[in-house]
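Please read the structure below before turning to the comments.
Each value in this text was obtained by applying a stated rule to the coordinates, not by laboratory testing. What you see is a predicted model, and the numbers here were worked out from it, not measured in a lab. Because the Cβ atoms are built from the backbone with ideal geometry, glycine has one as well, and the counts that use them run over all protein chains shown.
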Amino acid sequence: MTQSTYVVTGMTCGHCAASVREELGELPGVRDVDVDVPAGRVVVTSESALALEHVESAVRVAGYQLVR
């Protein structure tokens, strides 16, 4: 298992966290997504490392932006 931490801007509430969690959770190999809204931090546990462009795309679909 691999854990990766990302910073996402624009999240302000539990609904925001749920949207990000749902989109990232649909990526192949993702086992868990933990979202810390106040910190803007998202920790993804997956079977192997995820391609950054896939993570960025999922965050964008949820309506937010990944900080690179």
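Listed values, structure above:
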| quantity | calculated |
| --- | --- |
| Angle between the chain longest axis and helix 52-62 axis [Cα atoms, degrees, rounded to 10] | 40 degrees |
| Fully extended contour minus Cα-Cα distance, from ASP36 to GLU53, at 0.36 nm per residue | 4.0 nm |
| Listed residue (LEU24, VAL44, THR5) projecting farthest to the positive dipole end of the chain, Cβ model | THR5 |
| Scattering curve values for the chain, log₁₀ I(q)/I(0), Debye with Cα scatterers, q = 0.22 Å⁻¹ | -0.83 |
| Nearest 10 degrees, 0 to 90: helix 14-25 Cα axis against the chain principal axis | 20 degrees |
| Potential extension, GLN3-GLU26 segment - 0.36 nm per residue separation minus Cα distance | 6.7 nm |
| Under DSSP loop assignment and at most 11 Cβ neighbours within 10 Å, longest GluC sites (Glu not before Pro)-free interval of the chain | 1-25 |
